[in-house]
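Step one of this worksheet: look at the structure below.
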Amino acid sequence: MAGAPFPAPLLRSVRAVVLDTDGVITDTARLHAAAWKGAFDAALAAAGAGPPFDAVEEYRRHVDGRSREDGAAAFLAARGLSLPLGAPDDPPGTGTVRAVAARKEELFTARLRTEGVAVWPGTVRLLEALRDAAVPCAAVSASRHATELLDTAGVLGLLRVVVDGREAARLRLPGKPDPALFLEAALRLGVAARDTAVVEDALAGVEAGRRGGFGLVIGVDRTAGPTSAADLRRHGADAVVGDPGELLTAGGD
């Protein structure tokens, strides 16, 4: 039908698309950031280590796109805190990296119960247009909740493959900025990385796409901060959009 959304020319050179989940497909990055703030502020207060966690800039620079343990360790190190790693079953707390990560998980789960899962409409329109154009799509995430959240949000059917935190743990895949998650998704789609686009909002994820040799890396800049778009480009984005819906054009003749 004339005027129906169609993937923009930027995407017509690729045969598959791999998208990050939090912040790109689902509107859950803010929930993650708020949960990290609760966990980090408690750890900082216990250590007497300066101002509270900045849920915008510090989340973007140190935590976004990483696994819980990697994100916790990166931020704490940036603040000069050298906590022991701890044990995998550490209860939520402030004494170890894993305890801080467990506290974040506890807070995030509580927020999900009260606030639910929303999706970004522009991304859904893009996924629908890619489906109609027979371009297979995958989602990746460091979160163990990703597949469940995508299902709850009603978009799982638009994705041929999901590689989430549970799969990453099972396969022992390293986290972003290592490209392993994206490469596993492309492998499952049966498309070479050079013929696949990555759509990411996290600096670590954009860097992973570039390291993985993907044919196109698109950064999603939802914060519109003074340096956020430039940071995405510096980490490897070929193009930056405010929303994946900008990757659509009118179809028809």
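Values in this text are rule-based calculations from the coordinates and carry no lab data. Just so it is clear, the model here is predicted, and its values are computed rather than measured. Here Cβ is always computed from backbone atoms with ideal geometry, including for glycine, and neighbour counts include all displayed protein chains.
Per-structure values
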| read-out | value |
| --- | --- |
| Cα-centred dipole magnitude for the chain, charges only on beta-carbon of K, R (+1) and D, E (-1), debye, nearest 20 | 400 |
| Cα long-axis angle, helix 121-132 against the chain (0 to 90 degrees, to the nearest 10) | 40 |
| Translational diffusion coefficient (Stokes-Einstein; Kirkwood radius from C-alpha pairs) of the stretch 111-225 at 20 °C, 1.002 mPa s, in µm²/s | 146 |
| Residues GLU106 and ARG166, FRET efficiency given R0 of 22 Å [Cβ-Cβ distance, rounded to 0.05] | 0.75 |
| Distance from the stretch 55-84 to the stretch 176-253 (C-alpha centre basis), Å | 22 |
| Cα lying deepest toward the dipole's positive end in the chain, options PRO174, PRO244, CYS137, charges on Cβ | PRO174 |
| Long-range HN-HN contacts of VAL18 with modeled amide H, under 5 Å | ALA138, ALA197, VAL198, VAL199 |
| Helix 180-189 axis, angle to the chain major axis (alpha carbon atoms, nearest 10°) | 30 |
| Ascending count of other beta-carbon atoms within 10 Å, so fewest first, for THR26, THR96, THR21, THR109 | THR109, THR96, THR26, THR21 |
| Check: the stretch 30-115 dipole with +1 on Lys, Arg Cβ and -1 on Asp, Glu Cβ, in debye | 120 |
| Förster radius 41 Å - calculated FRET efficiency between ALA134 and ALA45 (Cβ-Cβ, nearest 0.05) | 0.20 |
